[in-house]
Every structure is written in structure tokens, then in C-alpha cells.
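Here the structure comes first, spelled out in C-alpha cells, and everything after it is commentary.
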Amino acid sequence: MNFDFHFMMIAMKEAIRYTPVTLLLAFVPFVLGILLGTLIALVRLFHVRILGRLMQVYIVITKGIPVILQILIIYFVMVQGFDTIADRFHWSLHSKDINVIYVALTALFTVAVANISETIRGALMAVNRGQYEAAYSVGMTHNQVLRRIILPQALPAALPMLCSNLIGIMKSTSLVFMISVVDLMNAALITATANYKYLEAYVAAAIVYWVLNGTIEKISLILEKRFSVYRKEGVF
Amino acid sequence: MGKLFDIQLVFEYFPKLLSRLHITLSIVFAATVLGVILGTVLALFRLAKTPILNQVAVVYISFMRGTPIIVQMFIVYYGLPLLLLMIHLDINHWDKLIFIIITYGLNMAAFMAEIIRASIIGVSIGQTEAAYSVGMSRLQAFRRIVAPQALLIALPSLGMNMMGLLQNTSIAFSLGIIDVIGKARVIGASTYHTLEGYVGAAVIFLALCILMEYGFTHIEKKLKYKMIGLI
């Protein structure tokens with residue numbers, strides 16, 4: 001048995017063809033995660049009564065349970081739960097008719113939100129306490145403090161971590177093949193089922209993932225440099 | 001199919017799942033040891049800027065951080081025997097668990113290398129200079145001054161990584177290892193109550209994670225107290 005480069009190229013071509021699916025699975029939870037994650041971070045930062053505690057519990061639970069388990073559990077709950085409801089109300093729609101990609105998106109979203117909100121909370125807390133106090137002391141409202149003073153400082157600080165969150169989500173998307181979503185990895189594997197050249201398929205998938213994540217890392221470095229220049233011109 | 005979710009079954013499956021916990025824990029432990037040793041070597045290559053080896057370390061770390069662990073696992077599983085066959089070493093009969101440990105160890109090494117490097121850089125250069133100025137040799141300065149401080153810096157990230165590793169071990173079942181999640185799948189396949197098994201496994205992982213976090217905070221506090229006490 002030898003390494004078949006020719007087959008690796010075939011598998012890679014197939015993997016690249018399905019890369020948009022992986023990108024969709026990574027970016028949609030990421031973008032939505034930033035929106036909801038910021039909200040959760042703010043809720044926790046300002047100790048909103050019941051909601052703050054609830055969010056804390058949610059984050060501990062999501063961060064404590066492996067991604068694959070969350071994907072599988074959500075898959076089962078969504079598919080079986082949907083069928084049960086459909087049976088009760090005599091719908092003609094069944095879980096088989098629903099694209100599994102939505103299940104994958106939901107699962108990745110719940111994971112992403114928890115991680116991203118922790119990142120943003122960390123960045124918000126890293127902003128000097130004096131900044132909050134100074135802003136309040138000149139009579140700004142909560143809203144103004146956040147919009148004008150805190151978020152402009154916190155978001156650039158959060159950028160490197162956000163990028164590593166994105167890489168984390170990208171890597172997690174490789175698990176969705178377990179609920180038979182055809183993404184980059186599954187596409188490469190499907191080509192290998194005929195001839196059992198799994199090693200080549202996995203290497204092909206690895207290279208594509210590597211290029212994707214390497215690009216994100218490069219962009220992150222460039223953005224970081226940009227923002228640190230901005231920072232030096234400021235008060236700091 | 002019956003009921004969608006039966007909480008009674010979760011309790012029933014729980015002991016069965018716990019009986020496989022030692023596999024998960026041994027993967028975490030062995031991989032961490034392997035990762036720390038290999039990671040230190042990699043970090044030293046990078047810190048000393050050894051030509052060639054430095055670049056190799058950079059590429060290695062980038063690959064390990066940039067690809068999903070499941071892909072790495074299968075590459076090791078299929079590729080390592082092929083690679084070692086070239087030097088006439090047949091490892092096809094090895095236990096799957098060994099491949100898993102190698103994969104997670106190699107993966108951990110990349111993350112550890114970055115942590116170790118960052119924490120050694122994180123110790124102020126003045127500390128090293130002060131150590132030299134009182135006549136310590138390079139090794140002494142590192143061992144007595146830099147390393148203890150670096151350890152304190154590295155500890156929180158080490159804890160985070162170990163928790164990440166614990167969560168990553170959940171993928172080991174895809175290679176046919178019967179760990180906690182593998183057992184949950186086996187139960188699911190034989191009784192059609194997959195969800196209960198998964199929920200039980202989730203509870204175990206959650207508890208382990210919280211326990212680990214608590215443990216690391218405790219160690220950190222103790223270590224900090226001890227070191228500052230020594231000074």
C-alpha cells in the first residue's frame with residue numbers, strides 16, 4: 001500500500017467543491033454568535049437579575065459538554081421531537097424532509113454563542129474600570145457609555161480571540177459528518193468509500209482545512225496590527 | 001419507539017457509562033504527559049531559534065492548530081503504520097488506544113509549545129538579567145528564576161487546554177474506542193434509547209469539566225501563595 005497522490009488530488013477537488021458548505025457552517029454561527037454573544041456578555045456584565053444567572057448556567061453547560069455530544073443530542077431532539085409533534089398534529093411534514101444542515105447550524109450556533117460571549121465578556125472586563133466611571137461621571141447613559149466608550153475599546157481587544165473562536169468553529173464543523181451533512185470532510189470521505197483510500201482523503205481534507213484556517217489566522221494578524229496602530233494614536 | 005426521553009433510563013445507564021470513564025481519563029492523562037514533553041522540546045526550538053528546526057516547529061504547530069482533531073486522528077491511524085513500515089516497523093497490530101494517545105499527544109504538544117513559549121517570554125527580561133548579575137549561570141537562571149514564574153503564567157492556559165483535551169477525547173469513539181461516548185452509542189444501538197445515553201455522557205463530561213476547573217483554580221491559588229510565601 002502506497003500513498004496515492006493522484007487520488008489525493010481527486011479527493012481534494014471534491015473537498016474544495018464542498019468548501020462553501022463548511023464556510024456556511026462556520027460563518028453563520030460565528031456572525032449570529034457575535035450578535036447574541038455580545039448581548040449575553042452585556043447581560044452578564046451588568047448582572048441583569050435572573051437572566052444573567054440563567055446565561056451563566058447556559059455557558060457553563062455548553063462549555064462543559066463536548067461539541068460532538070451537543071450535535072448528536074440536538075440532532076436527536078430535533079429529529080425525534082419534530083416527528084412526535086408532527087404525529088400528534090398529523091402534519092404531512094416529517095423530519096426526513098428537513099435538511100440536516102439546519103440541525104448542524106443550530107448545534108454549532110449554541111456552541112459558538114457560549115464561546116464568543118465569553119470572549120467578549122473578557123474583553124469588556126479588560127477595559128479599564130476608570131473608563132466606565134469617567135463616562136458615567138460626565139453624565140452618559142448606559143447606552144452611550146457602551147456605544148461611545150466601551151465597545152470601541154473592547155471589540156479590537158477581542159479580535160484575536162474572536163478569530164481563534166472562528167477557527168475553533170471551523171474545526172468543529174468537521175464533526176457534522178456524523179449526522180450525515182455533506183461538508184468538506186464528508187465529500188472527501190465519500191470519494192474514498194469506493195477504494196478504501198481513506199488516508200489520502202483525510203490528508204486532502206486536512207490540507208483544505210489548513211489553508212482555510214491559515215487564511216483566517218493571517219487576516220487576524222493583519223487586523224490586529226491595524227488596530228494596535230489605532231490604539232497607539234489614542235490615549236494609551 | 002415509545003417515549004422520547006425517559007429520565008429513569010439515564011440513571012440506569014449512568015453506572016454503565018461510568019465504567020468506561022477510565023479510558024477517557026487515561027487518554028487525557030497520557031496525552032497531557034506526552035504533550036508537555038514534546039511541547040517543551042518544540043518551545044525550546046522556537047525560543048532558541050534553531051535554524052530549520054524552528055521552521056519545522058512553526059509548520060507543525062500551524063498544522064496541528066489549523067486542522068480538526070478528527071482528521072489528525074485518522075491521518076495518524078492510517079498514516080503512521082504506513083510511515084513506520086518504511087523503516088520496517090510493523091505496528092498494525094497495535095491497540096487503537098495507542099494511536100488515539102499518540103494523536104492527542106501530538107495535538108496537545110502543539111498547543112503546549114505555544115503556551116510554554118508565551119509564558120517564558122512573558123517573564124520579564126529584567127528577571128533574567130538580575131539573575132545573571134548575581135552570577136547565576138544560564139541554566140541556574142532558567143531553573144531557579146524563570147521557570148517557576150513561567151509555570152505560574154502557564155497554569156491557567158494549561159488548565160484550559162486540558163479541559164479542551166477532555167472534550168476532544170469525545171471524538172475517540174469514531175475510531176472504535178469504547179470510552180464514555182462509545183458506550184453511550186453501544187447502549188443506543190442495542191436499546192434504541194440513544195438520547196438517554198448521550199445525556200448521561202453529557203452529565204459526566206460536564207461534571208468532569210467543572211471539577212477540573214475547580215481543581216486548577218485551587219492549584220493556582222495554592223501555588224501562588226507558596227511562591228510568594230517563599231519570596
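Just to be sure I understand: with springs between alpha-carbon atoms less than 10 Å apart, which residue in B:112, B:162, B:64 has the highest mean-square fluctuation in the Gaussian network model of chain B?
Looking only at B:112, B:162, B:64, the biggest GNM fluctuation is shown by B:64.
How high is the relative contact order of chain B? Use alpha-carbon pairs under 8 Å, at least six apart in sequence, and give a whole percent.
It rounds to 31 percent for chain B.
Round to a whole angstrom and tell me the spacing of the C-alpha centers of segment A:74-99 and segment A:1-49.
Here the answer is 26 Å between Cα centres.
I need the calculated FRET efficiency for the pair residue B:86 and residue A:98, taking r as the beta carbon distance and R₀ as 60 Å, to the nearest 0.05.
Working from the Cβ atoms, E equals 0.80.
Using the membrane-span-like helix rule (whole DSSP H runs, Cα extent along the own axis of at least 24 Å, mean Kyte-Doolittle hydropathy at least 0.5), which helices of chain A qualify?
Long hydrophobic helices here: A:19-45, A:67-88, A:100-126, A:151-172.
What is the Cα radius of gyration of chain B over 2.2 N^0.38 Å, N being its residue count?
Expressed relative to 2.2 N^0.38 Å, the Cα Rg reads 1.23.
What are the residues whose amide H is under 5 Å from the amide H of residue B:20, where those residues sit 5 or more places off or on another chain and H is modelled from the backbone?
Residues meeting the criterion, in which the H sits 1.01 Å from N, do not exist here.
Summarise the partner chain shielding of A:57-65 as one whole number: the mean count of Cβ atoms from other chains within 10 Å of each residue's Cβ.
Per-residue shielding by partner chains comes out at 5.
Ignore the peptide's own chain and count Cβ atoms of other chains within 10 Å of each Cβ in A:181-191; give me the average, rounded.
Across the residues of A:181-191, the mean count of other-chain Cβ atoms within 10 Å is 1.
Place a label point 7 angstrom from the Cα of residue B:134 along the Cα-to-Cβ direction, then list the residues of segment B:144-161 whose backbone nitrogen is under 20 Å away.
Backbone N within reach: B:144-153.
Hey, any idea what % of chain A's accessible area is carbon plus sulfur with a 1.4 Å probe?
On chain A, the fraction of accessible area on carbon and sulfur atoms equals 67 percent.
Hey, what's chain A come to in accessible area per residue, 1.4 Å probe, Å²?
Solvent-accessible surface per residue comes out at 54 Å².
Cβ neighbours within 10 Å, averaged per peptide: list B:31-44, A:125-138 in order, most packed at the top.
The most tightly packed comes first, giving B:31-44, A:125-138.
Using a probe radius of 1.4 Å on heavy atoms only, what accessible surface per residue do you get for chain B? Whole Å² is fine.
Dividing the accessible area of chain B by its residue count gives 53 Å².
Cut-off 10 angstrom, C-alpha nodes, Gaussian network model of chain B. Which of B:140, B:167, B:55 fluctuates the most?
Its mean-square fluctuation being the largest, the pick is B:140.
Compare each residue of segment B:69-95 in its chain alone against the assembly with all protein chains, and report those whose accessible area goes down by 30 Å² or more; 1.4 Å probe, heavy atoms.
Listed by number, the residues meeting the 30 Å² cut-off are B:70, B:71, B:74, B:75, B:78, B:82.
FRET efficiency for residue A:193 and residue A:19, Cβ-Cβ distance as r, R0 = 22 Å, nearest 0.05?
Calculated value: 0.65.
Let me know the charge dipole size of the protein assembly as shown about its Cα centre in debye, to the nearest 20, where only the beta-carbon of Lys, Arg (+1) and Asp, Glu (-1) is charged.
1380 debye
Return the subset of B:16/B:222; A:63/A:225; A:218/B:49; A:63/A:171; A:63/A:197; A:96/B:16 for which the Cα-Cα distance in this structure is over 25 Å, preserving the input order.
B:16/B:222; A:63/A:225; A:63/A:197; A:96/B:16
Counting partner chain Cβ atoms within 10 Å of every residue's Cβ in A:67-77, what's the average?
What the average comes to for A:67-77 is 6.
Using each residue's phi in segment B:213-220, evaluate 6.51 cos²θ - 1.76 cosθ + 1.60 at θ = phi - 60° and report the 3J(HN,Hα) Karplus result to the nearest Hz, with x for Gly and Pro.
4, 4, x, 5, 4, 5, 4, 4
Quick check: the distance between the Cα centres of segment A:201-220 and segment B:60-101, to the nearest angstrom?
Taking the Cα centre of each part, segment A:201-220 and segment B:60-101 sit 19 Å apart.
Mind putting a number on the dipole of chain A about its Cα centre? Charges go on the C-beta only, +1 for Lys and Arg and -1 for Asp and Glu, and I need it in Debye to the nearest 20.
840 debye
If I take R0 = 25 Å and measure r between the Cβ atoms of residue A:27 and residue A:180 in this structure, what FRET efficiency does the formula 1/(1 + (r/R0)^6) give, to the nearest 0.05?
For residue A:27 and residue A:180, the calculated efficiency is 0.70.
On C-alpha positions alone, give me the angle between the axis of helix B:53-66 and the longest principal axis of chain B, in degrees, nearest 10.
Relative to chain B, helix B:53-66 is tipped by roughly 30 degrees.
Tell me the mean residue ellipticity at 222 nm calculated for the protein assembly as shown from its helices only (DSSP H runs of n ≥ 4, each -39500 (n - 2.57), averaged over every residue, nearest 500).
After summing the helix terms and dividing by residue count, I get -26500 deg cm²/dmol.
With axes computed from alpha carbons, what is the tilt in degrees of helix B:7-18 against the longest principal axis of chain B, rounded to the nearest 10 within 0 to 90?
For B:7-18 against chain B, the angle is about 50 degrees.
Within 10 Å, count the other beta carbons around each residue, average over each peptide in B:147-153, B:210-216, and list them highest first.
Most protected by this proxy first, the peptides run B:147-153, B:210-216.
Taking +1 at the Cβ of each Lys and Arg and -1 at the Cβ of each Asp and Glu, which of A:150, A:188, A:207 sits farthest along the dipole of chain A towards its positive end, judged by Cα position relative to the Cα centre?
A:150
How much accessible surface area, in Å² rounded to 10, belongs to the heavy atoms of residue A:60 with a 1.4 Å probe?
70 Å²
Along each principal axis of its Cα atoms, how long is chain A end to end? Whole angstroms, biggest number first, please.
70, 52, 27
Using protein heavy atoms only (no ligands, DNA or RNA), what is the total accessible area buried between B and A, 1.4 Å probe, nearest 100 Å²?
By this definition, chains B and A bury close to 2900 Å².
As I understand it, the value is the acute angle between the Cα axis of helix B:180-191 and the longest principal axis of the Cα atoms of chain B; what does it come to in degrees, rounded to 10?
Value to nearest ten degrees: 10.
The values are calculated or read from the model by the stated rules, or taken from the named source; none is laboratory data. Quick caveat, the model's predicted, so the values are computed rather than measured. Every residue, glycine among them, receives a Cβ derived from its backbone with ideal geometry; neighbour counts consider all protein chains shown. Calculation scope for accessible area: heavy atoms of the full protein, side chains included, ligands and nucleic acids excluded. Shrake-Rupley method; radii C 1.70, N 1.55, O 1.52, S 1.80 Å.
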